[in-house]
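To start, the structure under review is shown below, and the notes come after it.
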Amino acid sequence: MKRLIYILSGLGLVGGLVAAGIGFWAYAGYTRPGPLERDSVLIIERGSGASAIARELARAAVIDNPLTLRLGVRLFSDPVPMKAGEYLFPAGVSAMNAVRILQAGKTVMRRVTIAEGLSSAEVSALLRRTEGLTGRLIPPPPEGSLLPETYHFSFGDTRQDMIARMNAAQARLLSELWSTRDEGLPIKTPRQALILASIVEKETGKKGERARVAAVFLNRIRKKMRLQSDPTVVYGLTLGQEPLGRSLTRTDLKSETPYNTYVIRGLPPTPIANPGRDAIRAVLFPVTSDDLYFVADGTGGHVFARTLDQHNRNVARWRKIQRKMKSGG
């Protein structure tokens with residue numbers, strides 16, 4: 001009986017030593033630097049379990065072999081699930097730290113920049129081309145409802161969610177600025193402010209000019225003058241679906257569309273683009289000015305006028321500049 005006890009004790013000791021040896025081997029493999037030679041981005045698909053993730057990391061040479069990770073997760077890591085997504089693994093990352101990255105869900109942040117003045121159709125087309133986003137856009141977002149800005153997202157985020165974020169950002173900004181707007185403006189609703197801001201956005205790309213351009217249109221609204229904005233004519237012809245691709249003609253300026261502000265009085269029925277924060281701010285906080293006209297000055301900006309005579313002289317100078325440009329002078 002004693003002999004049997006000695007034998008069993010010896011076997012238990014040997015088993016314990018073997019288990020300890022396996023544990024030491026597993027821990028060493030789990031915590032030592034991995035084989036990855038340079039920082040690498042890897043996508044972990046949704047629904048991937050520990051075994052599938054281990055195989056994917058081994059295939060991408062992030063870890064030495066799948067068994068190292070599977071044992072390490074079971075024996076040495078917190079029982080926190082590893083999350084799907086796009087991850088950056090630094091060179092030499094250990095299997096343990098790779099697991100921690102996946103458990104923390106620290107996915108790679110991608111970004112997409114929406115430029116001021118794009119139509120909603122153009123924004124939708126941009127999102128369709130943006131890699132890493134998923135899903136369709138149904139229905140198309142209303143014109144003017146999206147705030148141009150740089151947005152960060154993770155691989156697998158949906159295009160519809162991006163639109164919802166842009167829409168919420170635009171609504172929030174418009175509400176904040178409208179609540180503190182200048183007194184005495186001839187626009188009565190946030191919607192009207194958004195429509196006029198979209199026109200200002202398309203008229204000038206110079207930040208320092210926007211408040212003065214806005215003042216011109218606000219002055220014309222006060223005097224019940226037509227806005228006579230070329231970008232509104234263009235939008236009436238294209239509805240923002242594509243660039244016009246040519247200069248406006250006299251016939252275009254007489255076109256009977258709801259957006260042609262050479263024909264209609266007041267504002268068009270909807271925005272003609274998605275205005276940025278500077279254009280919205282310009283409409284709600286314009287400069288004090290008596291200007292009623294502006295025309296291009298040949299340098300990317302505009303020259304302003306209070307009277308039609310001044311404006312006609314400015315137009316004549318601009319046409320002279322145009323002729324010189326066409327002749328190569």
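Scanning the range 289-316 for residues that are in a strand (DSSP E or B) and either farther than 17 Å from Asp230 by Cα or more than 37 Å from the chain's Cα centre (by Cα) (or both) returns a single hit, Ala305.
Results for (1) in the same structural domain as Pro243 (by TED's automatic domain parsing); (2) closer than 30 Å to Lys207 by Cβ; (3) touching a helix residue (DSSP H, G or I) at 6+ places or on another chain (Cβ under 8 Å); (4) in a loop (DSSP other than H, G, I, E, B), shown as yes or no for each residue.
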position: Leu57; (1), (2), (3), (4): no, no, yes, no
position: Met82; (1), (2), (3), (4): no, no, yes, yes
position: Glu86; (1), (2), (3), (4): no, no, no, no
position: Met96; (1), (2), (3), (4): no, no, yes, no
position: Gln103; (1), (2), (3), (4): no, no, no, no
position: Ala115; (1), (2), (3), (4): no, yes, no, yes
position: Leu118; (1), (2), (3), (4): no, yes, yes, yes
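Taking every residue in the range 190-210 that is modelled with pLDDT of 95 or more and pairing it with any residue that is of a type in the set (Asp, Glu), at least 6 positions away or on another chain, the pairs with Cβ-Cβ distances below 7 Å are Glu201/Glu116; Arg210/Asp278.
Each row is one residue, and each column tells you yes or no for (1) among the charged types (D, E, K, R); (2) part of a strand (DSSP E or B).
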site	(1), (2)
Leu147	no, no
His152	no, yes
Gly156	no, no
Ala164	no, no
Arg181	yes, no
Pro186	no, no
Leu194	no, no
Lys202	yes, no
Gly205	no, no
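Filtered by the rule that a residue be buried (at least 16 other Cβ atoms within 10 Å of the Cβ) and under 13 Å from Asp39 (Cα atoms), the range 87-105 gives Tyr87, Phe89, Val93, Ser94, Ala98. Here Gln228 fulfils each of the conditions (1) on the phi > 0 side of the Ramachandran plot; (2) at pLDDT below 95 apart from (2). For Ala91, the criteria (1) part of a loop (DSSP other than H, G, I, E, B); (2) in contact with a Gly (Cβ under 7 Å, 6 or more places away or on another chain) hold in every case but one, which is (2).
Does Ala125 meet the test of being under 30 Å from Tyr27 (Cα atoms) and of a type in the set (A, V, I, L, M, F, W, C)? The answer is no for Ala125. Taking the conditions (1) surrounded by 22 or more Cβ atoms within 10 Å (Cβ to Cβ); (2) free of Cβ contacts under 8 Å to residues at least 24 places away in the same chain in turn, Thr232 satisfies each one other than (2). One residue alone among Gly144, Gly156 is touching a residue at least 60 places away in the same chain (Cβ under 8 Å), closer than 24 Å to Ile199 by Cα and either of a type in the set (S, T, N, Q) or not assigned by TED's automatic domain parsing to the domain that holds Ala98 (or both), and that residue is Gly144.
The values are calculated or read from the model by the stated rules, or taken from the named source; none is laboratory data. All figures in this text were calculated on a predicted structure; none of them were measured in a lab. Please note: Cβ atoms are built from the backbone with ideal geometry, for glycine as well, and neighbour counts cover all protein chains shown.
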